[in-house]
């Protein structure tokens, strides 16, 4: 369903589990950034009422996920650390060239957001199936469905606001690019790293 071209090596979960504090902090900031992305889309495209409605709900959901992760951080006696640089996202957003076409920029943003959600879903699955902390394994398993729904939401909007055939070509190109990125990632306790 996610169409990712390079799956995460399950051994990444071992790296993540060695520093749960880092993975939880990174995850918390991923949720906060996802909420910020939804809000940014509302601000940039206020005339698209269906997008505004869905992004408003998504921002609330992402912040509720942030709160859940923060509770896991506090429960373990940790504190929310500083935001981590997300090299993965930084490289993904550079894939599409700048364009004066406002609608095409929207499609690009939606596709990048869809891919981030797809990879997050896949990483949560890897964590849920491979870490020994049963509570966190269950937590990550419970988040997979939400991430898959977010991926579907962004892809659906991209196809709505762009030509379906062209959007699917852009998506395939982005997936190929992302697979190349992932060859150099998966060695740190970051959700996308």
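Nothing in this text is a laboratory measurement; each read-out follows from the coordinates by a stated rule. Predicted model only: the values in this text are computed from it and were never measured.
Working out 0.36 nm times the residue gap between residue 132 and residue 14, then minus their Cα-Cα distance, what length gain in nm do you get to one decimal?
Answer, rounded to one decimal: 41.5 nm.
By how many degrees, between 0 and 90 and to the nearest 10, does the Cα long axis of helix 20-44 differ from the longest principal axis of the chain?
Approximately 20 degrees, to the nearest 10.
Mind checking the angle between helix 164-182 and the chain's longest principal axis? C-alpha axes, 0 to 90 degrees, to the nearest 10.
30 degrees
Take every Cα pair under 8 Å in the range 98-193 that's 6+ residues apart, average their separations, divide by the length, and report that relative contact order as a whole percent.
Rounded, it is 34 percent for the range 98-193.
Over all distinct alpha-carbon pairs, what is the Kirkwood Rh of the range 51-153 in angstrom?
So the Kirkwood estimate lands at 15.5 Å.
If I take the Cα coordinates of the range 1-107 and project them onto the principal axes, what are the three extents in Å, biggest first?
45, 30, 28
Round to the nearest 10 and give me the degree value, 0 to 90, for the angle of helix 49-75's Cα axis relative to the longest principal axis of the chain.
Taking Cα atoms only, the helix is inclined about 10 degrees.
Could you tell me the center-to-center distance, by alpha carbons, between the range 125-161 and the range 1-74 in angstrom?
Between the Cα centre of the range 125-161 and that of the range 1-74, the gap is 9 Å.
Viscosity 0.890 mPa s, temperature 25 °C: Stokes-Einstein D of the chain from its Kirkwood Cα radius, in µm² per second?
D, rounded to a whole number, is 144 µm²/s.
Test of understanding: what is the full-extension gain from residue 64 to residue 164, defined as 0.36 nm times their sequence separation minus their Cα-Cα distance?
The residue 64-residue 164 span can extend by a further 32.8 nm.
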